[in-house]
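The numbers here are math on the coordinates, done by the rules we state, and not lab data. A quick note: this is a predicted structure, and the numbers were derived from the prediction, not measured. Cβ coordinates were reconstructed from backbone atoms using ideal geometry, including for glycine residues, and neighbour counts include every protein chain displayed.
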Amino acid sequence: MNIKLTDFEAVIFDMDGVLIDSEPLWKVAMEDAFKSVGCSLTRKDFQKTVGLRLDEVIRYWYEHTGWENATPKQVEESIVHRMIELLKVNGNPLVGVVETLEYLKLSGKKIGLATSSYEVLIDTVLETLNIRHYFDFTHSAENEAYGKPHPAVYLTVAEKLNIPPTKCLVIEDSLNGIISGKAARMKVVCIPEKSHSPEPKLMVADYHFEDMLLFLTEIKA
């Protein structure tokens, strides 16, 4: 199925694994934090919680494994602090991201950001990549009652952009994100994050590309 950019008035991006290669950094930060409280989770374990809000990730693992000597909130703060450090040192845009943002801006499309990451991490990523000026509105699911796969974060961005959800195109990398976008009645592009195990369920997305440059080539056609 071909994408016609003229069918959409806004493009809403997920952040982690879509704009920046941050999923491996999340796994490093979480592995370090959980190890510090005696919880021997590995990076492979964290694939189970990709796309969830950080507090939901921590709640999941606290219920399934448990630990002592630190509250879930302290573990959460430790992970966020480590992520800020890692992003500042290792932050690079994924292939095609800047070119795509530039093309969408020149095409007159509204550009939004809807992520499970916290506001402080949105700020870190946008400043590190120097791409804040492309976005008309950015929003974190930390400000919603429910994170992805609930559609709230996408619906809020569409409302703030003043664009009907059916006129919004979402770009995602995870199953939880795809479900969130589709539940918001938006069309969803899947560009799978390369460090994830192959996930056949990603086929529920409306469009599929190996990277952002291939997506850009398609919408320019």
query: So what is the 222 nm mean residue ellipticity for the chain from helices alone, if each DSSP H run of at least 4 adds -39500 (n - 2.57) and you divide by all residues, rounding to the nearest 500 deg cm²/dmol?
result: -13000 deg cm²/dmol
task: With r as the distance between the Cβ atoms of N92 and T42 and R0 = 25 Å, compute the FRET efficiency 1/(1 + (r/R0)^6) and round to 0.05.
output: 0.50
task: Starting from the Cα of D55, step 7 Å along the direction of its Cβ; do the same at E218; then give the gap between the two resulting points in nm.
output: 3.5
query: What net charge do the residues around C39 carry, taking every other residue with its C-beta under 13 Å from that of C39, with Lys and Arg at +1 and Asp and Glu at -1?
result: -4
- prompt: Is segment 102-221 rounded, prolate or oblate when judged by the Cα gyration tensor, a ≥ b ≥ c being the square roots of its eigenvalues, rounded requiring a/c under 1.5 and prolate requiring a/b larger than b/c?
  reply: rounded
task: Kindly state, to the nearest 0.05, the FRET efficiency for D211 paired with E63, given R0 = 30 Å and r defined as their beta-carbon distance.
output: 0.25
Taking N as its residue count, the alpha carbon Rg of the chain over 2.2 N^0.38 Å: 0.99
task: Filter the GluC sites (Glu not before Pro) in segment 132-221 down to the DSSP loop ones having no more than 15 other Cβ atoms within 10 Å, then list what survives.
output: E210
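Using the Cβ atoms and a cut-off under 11 Å, what net charge is assigned to the surroundings of K160, where Lys and Arg are +1 and Asp and Glu are -1?
Charge balance near K160 sits at -1.
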- request: Enumerate by residue number the trypsin sites (Lys or Arg not before Pro) in segment 1-92 meeting two conditions: DSSP loop (anything except H, G, I, E, B), and at most 11 other Cβ atoms within 10 Å of the site's Cβ.
  value: K4, K44
- prompt: So in the chain, what percent of DSSP beta bridges are antiparallel if you round to the nearest 5?
  reply: 5
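Only sites in a loop by DSSP and with at most 13 other Cβ atoms within 10 Å count here; which GluC sites (Glu not before Pro) in segment 1-106 make the cut? Could the numbers behind the result be given before it?
Details: sites: E9, E31, E56, E63, E68, E76, E77, E85, E99, E102; in loops: E9, E68.
Hits after loop and neighbour filter: E68.
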field: Among the listed pairs K109/K182; K110/K201; K88/K187, those beyond 26 Å (Cα-Cα)
entry: K110/K201; K88/K187
- prompt: Taking the alpha-carbon centroid of each part, what is the distance from segment 52-83 to segment 87-150 in angstrom?
  reply: 24
message: If I model a spin label at V120 and E102 as a point 7 Å from the Cα along the Cα→Cβ vector, what separation in nanometres do I get?
response: 3.3
